[in-house]
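The values are calculated or read from the model by the stated rules, or taken from the named source; none is laboratory data. Keep in mind that what you see is a predicted model, and the values were worked out from it rather than measured. Using ideal geometry, Cβ is built from the backbone for each residue, glycine included, and neighbour counts are taken over all protein chains shown. Remember, those area values only see protein heavy atoms, side chains included, never the ligands or the DNA or RNA. Shrake-Rupley method; radii C 1.70, N 1.55, O 1.52, S 1.80 Å.
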Amino acid sequence: MSLTLAKQGERVKVTEFTGCSESRMRLLSMGLRIGDEVQVITNLGKGQMAIAVDFKRFVIGRGLAQKIMVLPIQEEKAC
């Protein structure tokens with residue numbers, strides 16, 4: 001699924017970047033890599049969205065976020 005479908009507060013793992021080489025280079029130059037765990041800070045369903053990767057925070061547009069393919073991370077529940 002694309003990053004735009006992730007819910008606010010959800011943790012996801014980046015699986016691939018789609019789109020042209022310019023958008024991939026932009027994501028890589030920001031420090032985002034395949035395999036990174038991303039937390040969605042804000043996703044209101046329109047406009048920009050804020051994400052956190054490690055100790056960095058980014059605000060990206062929906063167009064760029066649609067090119068980031070992710071998988072949800074299953075949270076382990078403590079007993």
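From the list K13, K67, exactly one residue is in contact with a Ser or Thr (Cβ under 6 Å, 6 or more places away or on another chain) and open to solvent by 30 Å² or more (accessible area, probe 1.4 Å). Which is it?
Details: K13 fails: in contact with a Ser or Thr (Cβ under 6 Å, 6 or more places away or on another chain).
Criteria check complete, one pass: K67.
Return a yes/no flag: does region 52-63 have any residue that is within 14 Å of L3 (Cβ to Cβ), in contact with an Asp or Glu (Cβ under 8 Å, 6 or more places away or on another chain) and of a type outside the set (G, A, S).
Yes, there is a match, as at least one residue in region 52-63 is within 14 Å of L3 (Cβ to Cβ), in contact with an Asp or Glu (Cβ under 8 Å, 6 or more places away or on another chain) and of a type outside the set (G, A, S).
Being surrounded by 14 or more Cβ atoms within 10 Å (Cβ to Cβ), at negative phi, in contact with a Lys or Arg (Cβ under 6 Å, 6 or more places away or on another chain) and at pLDDT 95 or above, is that true of even one residue in region 47-58?
Narrowing region 47-58 to residues surrounded by 14 or more Cβ atoms within 10 Å (Cβ to Cβ): 48-53, 58.
When the remaining residues are screened for being at negative phi, the result is 48-53, 58.
From what is left, the residues that are in contact with a Lys or Arg (Cβ under 6 Å, 6 or more places away or on another chain) are none.
Taking every residue of region 47-58 in turn, none turns out to be surrounded by 14 or more Cβ atoms within 10 Å (Cβ to Cβ), at negative phi, in contact with a Lys or Arg (Cβ under 6 Å, 6 or more places away or on another chain) and at pLDDT 95 or above.
Out of all the residues in region 17-37, is one or more in a strand (DSSP E or B), under 12 Å from S2 (Cβ atoms) and either out of contact with any helix residue (DSSP H, G or I) (no Cβ under 7 Å at 6 or more places or on another chain) or open to solvent by 40 Å² or more (accessible area, probe 1.4 Å) (or both)?
Within region 17-37, not a single residue is in a strand (DSSP E or B), under 12 Å from S2 (Cβ atoms) and either out of contact with any helix residue (DSSP H, G or I) (no Cβ under 7 Å at 6 or more places or on another chain) or open to solvent by 40 Å² or more (accessible area, probe 1.4 Å) (or both).
Give the residues of region 1-51 that are touching a residue at least 24 places away in the same chain (Cβ under 8 Å) and in contact with an Asp or Glu (Cβ under 8 Å, 6 or more places away or on another chain), sorted by residue number.
R11, V12, K13, V14, Q39, V40, listed by residue number.
Within region 55-79, restricting attention to residues that are touching a residue at least 12 places away in the same chain (Cβ under 8 Å) and part of a loop (DSSP other than H, G, I, E, B), which residue is nearest to R11 (Cα to Cα)?
I73
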